[in-house]
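Below is one structure; the comments refer to it alone.
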Amino acid sequence: MLLQKKPLQPRTRFGSSTTNILQRMLRKTENSVGRVFVERAAVCVKDLVVSYGSFIAVDHLSFEVKTGEVYGLLGPNGAGKSSTIKVLVGVLEPRSGSVTVFDTPLAEEVAVKSQIGYVPEEVALLDALTPREFLEFTSSIRRLDRDTANSRLGKLVAAFELTPHFDTPIAALSMGNKQKVAIIAALLHEPPILVLDEPLIGLDARSSRILKELVAYQARKGGAVIFSTHIMEVAEKLCTRVGIINKGRIVGEGTVDELRRLVRKAEGSLEDVFLKVTEQEAGIDEVIKGLAEE
Amino acid sequence: MRLSELWRIAGVVYKEIAFQSIFSLRSGGLLPSKTGTDIRRLVRNAQSNTLLSKILMSLFIVMFAFMILFSTTYRETGVISLSLSIVGDVSVFLAILLFLLIVMGLQVTTSFFASDVIVSLNALPLASKDISFISLLCFARIFDLPLLVAIISFPLAYLLFTGSVAGSLVVVLGIFVTEVFALALTTALAKFFYSRIAGATGGSAWKTLLRMALMLVWVIPIFGVYIVTSFWMEIANFFMSLTQPALSTSYAILAVYPFSYGYLASQVTVTEGMDFVSQVIAAASSICYFALAIGALTWTGKTIRSIGSVGAISSGRSVVKDTEISPQGRLAGIIRKDLRVASRSPSYASFLLLPAFQTAVLAFSFSTFRNVGFGETLGMLMGMSAIAILLPPMLFSIEGLSSAYARSLPLTKKTLILAKATLATVTYVISLIVLVACTLYLQKSIFFILAYGGIHILSVTAATMVESLLLVTMFWKSGFAIGNIYTRLTTYVLILIPGAIVVFAPVLGAILLAIFVSDLDFVLLWFATAALLMFIVAAFLVGKIEENKLDRRTITTIRNLKNQGLLNSN
């Protein structure tokens with residue numbers, strides 16, 4: 001367990017105010033949940049099949065994520081990561097298979113969705129609304145009370161430096177700021193499960209670091225995180241376990257060390273392992289050579 | 001770069017804009033399939049839809065050009081002279097053309113302004129001058145066919161019916177000026193929309209209301225076209241009546257567009273019936289409007305060209321005082337969100353504002369009645385509720401705007417149905433209040449309106465609940481994207497028919513009953529009973545909707561997890 005041996009700490013050199021906000025946020029919550037959590041299945045996916053017409057995007061996929069884990073879903077473009085994630089959060093209907101969240105079947109939509117915070121890959125929020133209006137809407141749907149919501153929101157908005165854009169229509173925000181709105185909406189109700197589909201895309205270094213810390217903390221306090229990314233370094237540092245998807249199937253699963261052992265020839269980095277198990281390694285040298293010759 | 005090459009590039013850009021305008025209908029929703037064939041079909045649909053829209057508009061212009069000249073000028077009634085008929089025909093054609101082009105422009109220009117495709121041309125090795133020119137050509141392609149058809153068809157019809165070449169040339173001039181005015185107004189409205197509405201900051205209720213009020217500027221032309229296409233004959237007669245006093249008592253109308261062109265055309269076609277001063281005023285005004293059109297054309301060109309360099313959307317940035325939010329209940333949260341979205345979207349705002357606006361316009365027809373009785377009230381209620389039953393599909397399509405995200409929220413079917421039905425009913429109630437206010441202003445009795453209109457709220461609520469129920473049943477899984485709801489006409493009609501039955505049955509029943517029973521108290525009792533019955537049945541159906549209720553095992557599991565601190569209490 002990579003991260004449990006060496007958990008991420010807020011050791012950054014941000015401005016002191018940011019570090020303080022982040023540390024206060026983490027400390028306060030850590031105190032409130034300062035108990036040893038029982039490790040159990042947070043998300044259980046069995047034989048999941050997702051199709052678009054005749055195209056099978058996810059092909060009998062199974063995996064389990066336990067409380068206290070950051071589970072990384074890796075795979076090349078079109079491998080089925082986002083389709084899997086969309087099923088988990090109730091956006092997409094699977095063709096077959098079962099998904100349970102804390103033993104509750106996905107069919108119990110409201111109960112399941114209440115426990116999940118979701119950041120989609122394509123940030124398609126309600127563009128006509130401002131972040132304030134959008135967060136008011138999501139908080140209303142999640143039945144957050146005013147004081148609780150504002151207490152969390154103030155810290156999150158300050159941490160992600162969204163205050164200047166808080167009353168600007170989302171349509172006019174940059175991609176990074178839209179992403180921040182989606183992240184805040186996902187974190188505002190403090191869900192036990194975070195499902196993040198490529199959440200670092202478009203984020204600046206500071207926000208990216210804060211999110212990574214929050215993800216690590218989510219696992220430490222007994223929550224679960226399902227994290228899809230293309231950035232191997234992030235997955236290597238952040239994820240407790242990794243599932244590599246290719247052509248809709250899990251082709252490798254375990255800690256990075258376990259995967260290294262699985263693929264003997266891989267030289268060490270997760271990127272090497274990834275290229276090996278997804279059979280994408282072959283021909284890379286030739287392609288690079290060909291491009292260089294031109 | 002050569003003009004032909006620029007025209008070709010403008011064609012590619014135009015295709016992309018057409019695609020985006022159709023694709024945006026599905027944005028946030030889920031495409032049924034990700035296969036290449038499906039996307040190719042979507043692209044083909046986009047192209048054929050925009051072409052079809054232009055062809056239909058052009059056909060209407062041709063038909064209208066011939067019909068209006070045939071029905072008045074050709075068919076001499078003896079009531080109005082030929083010269084006045086020509087004035088009326090030309091004026092009403094120009095006015096209607098202006099309206100039609102503005103509405104058509106508003107629909108497509110929104111996509112043109114919102115699209116970043118012109119700005120993306122900056123990354124290509126093209127000169128800034130060429131990119132500006134491509135913007136202009138692309139804008140022209142939005143309107144090309146209707147502009148061309150209008151400037152050919154009406155002068156041709158005019159020549160056929162009057163035989164006057166000079167008159168036809170004046171008409172050509174009038175149409176040119178009208179087309180330029182339409183392009184300029186469309187551009188100005190689009191700019192206004194982005195600066196004051198779409199890019200407006202702030203989220204207070206007052207600002208939402210203010211945006212709704214500003215939206216009227218956008219919405220009224222759309223309603224104008226509805227009136228024009230429905231009542232064009234009445235409008236033509238109204239224009240005729242306006243022309244009559246001008247010749248005898250007032251010269252003012254001669255200087256007003258589009259009458260000045262009507263008078264000028266009439267003057268050169270029928271060289272009698274107008275004094276010298278009238279001739280001078282009509283000619284001078286027409287020349288002034290032509291000069292104004294040249295100025296408007298320059299401004300439009302400059303504005304459109306600027307899209308190529310700076311883009312169209314300019315967002316406002318206000319000083320943020322705090323980051324407090326006020327979460328409400330789920331129902332109120334959805335309604336507030338819908339109102340906020342509508343306050344920044346002309347198409348949604350028009351649906352919410354038009355019922356009240358239409359009621360106000362139609363209510364003034366009461367002025368010709370001695371009193372507002374049973375028949376007048378029920379006729380008006382049918383019109384108002386006909387608009388109300390169109391609302392649920394539109395309100396559900398708002399859910400489609402970000403369904404890829406919104407569907408991850410813990411929202412129940414019942415909450416969604418009740419929120420949409422409530423908003424649709426409130427829209428009807430506002431129309432009813434407007435009707436009462438107009439009737440009081442006209443000093444007529446409001447008894448029937450209050451009695452029948454009040455009871456009818458139950459039928460409208462029932463109808464909107466039934467439609468919402470059908471929409472949820474049909475689209476809960478596939479998503480509420482506009483593209484899904486409106487693509488198949490049969491599906492859309494299948495949603496409206498039950499709503500129409502629920503809302504019209506009590507009204508039609510009351511009318512039939514009134515024919516056979518003279519006691520209106522009994523009719524009112526039947527009306528109330530039928531409406532109440534409809535409401536109870538609809539409420540029962542909504543109450544029975546399958547909501548994936550939690551079974552005992554799940555409830556126990558959730559309770560245990562909460563006790564362990566693994567689940568939050570929300």
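The values are calculated or read from the model by the stated rules, or taken from the named source; none is laboratory data. This is a predicted model, so every value here is computed, not measured. When we count neighbours, we look across all protein chains shown, and the Cβ atoms used for this are built from the backbone with ideal geometry, even at glycine.
When the test is whether a residue is touching a helix residue (DSSP H, G or I) at 6+ places or on another chain (Cβ under 9 Å) and under 14 Å from A:Phe227 (Cα atoms), A:Leu92 does not pass it. If the condition is being β-branched (Val, Ile, Thr) and modelled with pLDDT under 75, then region B:321-368 contributes only B:Thr368.
Candidates are the residues of region B:402-440 that are more than 14 Å from chain A (Cβ to nearest Cβ) and over 24 Å from the mean Cα position of the chain (by Cα); the one that is surrounded by the fewest Cβ atoms within 10 Å (Cβ to Cβ) is B:Leu440.
Residue-by-condition table, conditions (1) surrounded by 22 or more Cβ atoms within 10 Å (Cβ to Cβ); (2) without any contact (Cβ under 8 Å) to a residue 24 or more places away in the chain; (3) in a helix (DSSP H, G or I):
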{"site": "B:Ile142", "(1), (2), (3)": "yes, no, yes"}
{"site": "B:Ala150", "(1), (2), (3)": "yes, no, yes"}
{"site": "B:Ser153", "(1), (2), (3)": "no, no, yes"}
{"site": "B:Ala157", "(1), (2), (3)": "yes, no, yes"}
{"site": "B:Ala166", "(1), (2), (3)": "no, no, yes"}
{"site": "B:Val172", "(1), (2), (3)": "no, yes, yes"}
{"site": "B:Thr178", "(1), (2), (3)": "yes, no, yes"}
{"site": "B:Phe181", "(1), (2), (3)": "yes, no, yes"}
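Could you tell me whether any residue of region A:123-130 is assigned to a helix (DSSP H, G or I), in contact with a helix residue (DSSP H, G or I) (Cβ under 8 Å, 6 or more places away or on another chain), within 7 Å of chain B (Cβ to nearest Cβ) and closer than 17 Å to A:Ser207 by Cβ? No, because not a single residue in region A:123-130 is assigned to a helix (DSSP H, G or I), in contact with a helix residue (DSSP H, G or I) (Cβ under 8 Å, 6 or more places away or on another chain), within 7 Å of chain B (Cβ to nearest Cβ) and closer than 17 Å to A:Ser207 by Cβ. In the set (1) closer than 18 Å to A:Gly117 by Cβ; (2) more than 10 Å from every other protein chain (Cβ to nearest Cβ), A:Met175 fails one condition alone, (1).
The set of residues from region A:214-248 being charged (D, E, K, R) and at pLDDT below 90 comprises A:Arg220, A:Lys221, A:Glu233, A:Glu236, A:Lys237, A:Lys247. Condition check: more than 14 Å from every other protein chain (Cβ to nearest Cβ), surrounded by fewer than 22 Cβ atoms within 10 Å (Cβ to Cβ) and of a type in the set (A, V, I, L, M). Does A:Ile210 satisfy that? Answer is no for this residue. Across region A:88-120, the qualifying residues are those that are polar (S, T, N, Q) and at the interface with chain B (Cβ under 7 Å from one of its Cβ atoms), and the one among them that is farthest from A:Lys180 (Cα to Cα) is A:Thr104. Would you call B:Ile449 farther than 26 Å from B:Leu541 by Cα, more than 22 Å from the chain's Cα centre (by Cα), among the β-branched types (Val, Ile, Thr) and more than 14 Å from chain A (Cβ to nearest Cβ)? Spelling it out, B:Ile449 is indeed farther than 26 Å from B:Leu541 by Cα, more than 22 Å from the chain's Cα centre (by Cα), among the β-branched types (Val, Ile, Thr) and more than 14 Å from chain A (Cβ to nearest Cβ).
From the list A:Gly290, A:Gly252, A:Gly243, A:Gly222, the lone residue that is in a strand (DSSP E or B), over 23 Å from A:Val91 (Cα atoms) and of a type in the set (Gly, Ala, Ser) is A:Gly252.
Across region A:153-170, the qualifying residues are those that are out of contact with any helix residue (DSSP H, G or I) (no Cβ under 7 Å at 6 or more places or on another chain) and within 11 Å of chain B (Cβ to nearest Cβ), and the one among them that is surrounded by the most Cβ atoms within 10 Å (Cβ to Cβ) is A:Thr168.
Step by step: first the residues of region A:66-87, then only those that are more than 13 Å from chain B (Cβ to nearest Cβ) and in a strand (DSSP E or B), then the one that is farthest from the chain's Cα centre (by Cα). Which residue is that? Only one residue tops the list, namely A:Leu74.
The residue that is surrounded by the most Cβ atoms within 10 Å (Cβ to Cβ), among those in region A:115-138 that are without any contact (Cβ under 8 Å) to a residue 40 or more places away in the chain and not charged (D, E, K, R), is A:Phe137.
All of (1) surrounded by fewer than 22 Cβ atoms within 10 Å (Cβ to Cβ); (2) not in a loop (DSSP other than H, G, I, E, B) hold for A:Glu281 with one exception: (2). So, of the residues in region A:154-185 that are farther than 13 Å from A:Pro199 by Cα and among the charged types (D, E, K, R), which turns out to be farthest from the chain's Cα centre (by Cα)? If we take residues in region A:154-185 being farther than 13 Å from A:Pro199 by Cα and among the charged types (D, E, K, R), then A:Asp167 is farthest from the chain's Cα centre (by Cα). Picking from residues in region B:369-401 that are in contact with a helix residue (DSSP H, G or I) (Cβ under 8 Å, 6 or more places away or on another chain) and not in a helix (DSSP H, G or I), the one that is nearest to the other protein chains (Cβ to nearest Cβ) is B:Leu390.
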